[in-house]
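The values are calculated or read from the model by the stated rules, or taken from the named source; none is laboratory data. The model shown is predicted, which means the values in this text are computed figures rather than measured ones. Virtual Cβ from ideal backbone geometry, glycine too; neighbours counted across all protein chains shown.
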Amino acid sequence: MLKKLILFFALYLLNSNYSNAQWISGGTLGFEYISGNSYKITYKEHNDCGSINSGSTRVLNAHCIDNSSFDFSFAIPRKNSNLILISPRCINNVPYCYSPEIKESIYDIVISLPPVGDWEIYTNSNKNRVPATTDSLIVNYEVMITFLARKYQQGINTNRNSPVFNSDPFVILNVNQEFNYNIAAMDKDGDSLVYSLVAAYSVPGGSWNSRILYKNPYSGQSFVSSSTPITLDSVTGALHFTPDNTMTAALGIRVEEWRTINDSAFLMGVTRQDFRFQVRNDSNTIPKLSGMNFGMGSNYNSQDTIYEAIVNPNDTLRFTINAFDADLGEAGEMRIIQNSALSGDSFIVYNNFSDSAYAVFEWVPTVNDISYTPKYFTVLISDSACPYNGQQIYTYSIYVMPRLDKPSLGNDTTLCSNYFQSLVLDAGPNHKSYLWQDSSSQQTYTVNSYDYILNLGSYDYWVRVSDSMGQVKADTIEVAMTICGGFEEKSSYFEVSVIPNPSRGKYIVSFNVLNRGGYTLVVYDIYGNKLLRKEVSNMNGNGDVEIDLSPFMNGVYFLNCSFKDKTIVKKLIKQ
């Protein structure tokens, strides 16, 4: 039977004076498949440091969507005995934890879910009520919470685990400063994750899975006042915006888990995670990270703005990432916090905890890494500013693509225009697109020598090919167009002259023949069409042959006089 599991977390807040304060708390729920019908449930509870201590146990509820008679509740014990502070607070500040900072408690347990249908797991809590600043962003004084909803299809593959978020759900940032953050999760099963912005969940005033109501013009997709567009990369989870007003904002992240089975895509699960962003007006300037410096420089350059790379299997990708902090003396830390689907890479940080920190990344992908979605890793840069550290999380994406073979048009060559030669240039099969020098887009390109009879010289022919991921390779060939034998050239066999030229149509072709034999005269128009042909046999010494072009239009014609492999070409002008 196809079975789904949905995990929810919600918090009901019981404060009688919402206009003055809010109670804020939150948490995340995750599951890990053990075996059979057993799953390890992990619950992380986040509370304001001004709240009471988290209890030794919490109660979660399991609801069978298909048959509620199987519903049950269970106590989940606390795992960590020491306080975990997740706020980016200056370590010199005391006391260790104080409002409105956030602390974390971790609970876990292994439970068994009967294979009777789809399941929801959730918790409603009215404990650990903590005052927080009233948020002008949210109407009805509804609270921001960290919330997670998960759903998966066990019937396709029972070996299923929920994605695990690596970034903190509580973020402090400064007004009027560009901000980069990555909200991505790691998926143990290797499923493809797709991210989108949604409205955060809220209580009270509705069911435990109701959504926040935002004041106009805010919404789940536009959750904060920003002077630049709010962007979320649906593949990497990279979030970017520039807050231009102090506020506390709530946003929800929806994560879809996709898996390819027998060449078909299946939606394996949906995850919901809420985040809280507190925008402050501190004097600290948050540190930055450069893009990929392929020149291996170790100094920050604002022109290094490339955060994506394309690499082929078995090629070495190597670059530096350089840190910058306008506030000198605030020695920060640069460290890798996520390594998504990379195997065998190297990330080494130099001069850490200084104003000149930089890192060297190196990786040699294999054919097993080929994917049309990027591999990526994230890097956190932070300083030691007080009262809160300035920090950002940057995303670096790498596309590993099949090697795109360079097209080969051959060696440079020469064509004889008077021989009406053709050269077929082939850029090779199986490319997504082709672009030739004249904007044509086919695999092959034909060069006809006679097209250049009036414009002799050298010409470049080039082609660019690309694949579906944007890789581009190109090749160029130079073709010299010439008259083999020349217009007035004296060969070792014969000489030719034409009179009158120009003419009204009749010409006398005079030969000075040095070798007895048969000679051929052929007249062509400028398009290469053969108009007439005459054979002259056993010619020796001097002789004349009449050519009559009277039936043809005025214009330019070409007379080919040939003996064996030698040809003299004469240009005829009819007026």
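Kindly provide the set of residues from segment 552-572 that are modelled with pLDDT under 80, charged (D, E, K, R) and part of a strand (DSSP E or B), ordered by number.
Lys566
Hey, does segment 316-339 have a residue that's at pLDDT 95 or above, farther than 17 Å from Leu380 by Cα, in a loop (DSSP other than H, G, I, E, B) and assigned by TED's automatic domain parsing to the domain that holds Asp383?
So far as segment 316-339 goes, yes, one or more of its residues are at pLDDT 95 or above, farther than 17 Å from Leu380 by Cα, in a loop (DSSP other than H, G, I, E, B) and assigned by TED's automatic domain parsing to the domain that holds Asp383.
Could you list, in sequence order, the residues of segment 240-288 that are aliphatic (A, V, I, L, M) and free of Cβ contacts under 8 Å to residues at least 60 places away in the same chain?
Residues satisfying the conditions are Leu251, Ala265.
What's the number of the only condition in (1) loosely packed, with under 14 Cβ neighbours inside 10 Å; (2) under 16 Å from Ser356 (Cα atoms); (3) at pLDDT 95 or above that Asn299 fails to meet?
(3)
Please count how many residues of segment 491-517 are part of a strand (DSSP E or B) and modelled with pLDDT under 75.
Just the residues of segment 491-517 that are part of a strand (DSSP E or B), to begin with: 494-499, 503, 506-517.
Filter once more, so that each one left must be modelled with pLDDT under 75: 494, 513-517.
Counting residues in segment 491-517 that are part of a strand (DSSP E or B) and modelled with pLDDT under 75 gives 6.
Among the numbered criteria (1) on the phi < 0 side of the Ramachandran plot; (2) surrounded by 14 or more Cβ atoms within 10 Å (Cβ to Cβ); (3) modelled with pLDDT under 85, which single criterion is violated by Ser466?
Unmet for Ser466, out of (1) on the phi < 0 side of the Ramachandran plot; (2) surrounded by 14 or more Cβ atoms within 10 Å (Cβ to Cβ); (3) modelled with pLDDT under 85: (3).
Matching residues to (1) farther than 29 Å from Thr260 by Cβ; (2) modelled with pLDDT of 80 or more; (3) in the same structural domain as Thr28 (by TED's automatic domain parsing):
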| position | (1), (2), (3) |
| --- | --- |
| Asn176 | yes, yes, yes |
| Ala184 | no, yes, yes |
| Pro204 | yes, no, yes |
| Ser207 | yes, no, yes |
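Of the numbered conditions (1) of a type outside the set (S, T, N, Q); (2) over 25 Å from Ile393 (Cα atoms); (3) at pLDDT 65 or above; (4) crowded, with 16+ Cβ neighbours inside 10 Å, Leu11 satisfies every one except a single condition; which is it?
(3)
Rundown of residues vs (1) in contact with a helix residue (DSSP H, G or I) (Cβ under 8 Å, 6 or more places away or on another chain); (2) part of a strand (DSSP E or B); (3) within 25 Å of Ile86 (Cα to Cα), yes/no style:
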| site | (1), (2), (3) |
| --- | --- |
| Phe353 | no, no, yes |
| Tyr372 | no, no, no |
| Phe377 | no, yes, yes |
| Thr395 | no, yes, yes |
| Asn430 | no, no, no |
| Tyr434 | no, yes, no |
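Does Leu549 qualify as being under 60 Å from the mean Cα position of the chain (by Cα), at pLDDT 85 or above, outside the structural domain of Asp426 (by TED's automatic domain parsing) and of a type outside the set (Asp, Glu)?
Answer is no for this residue.
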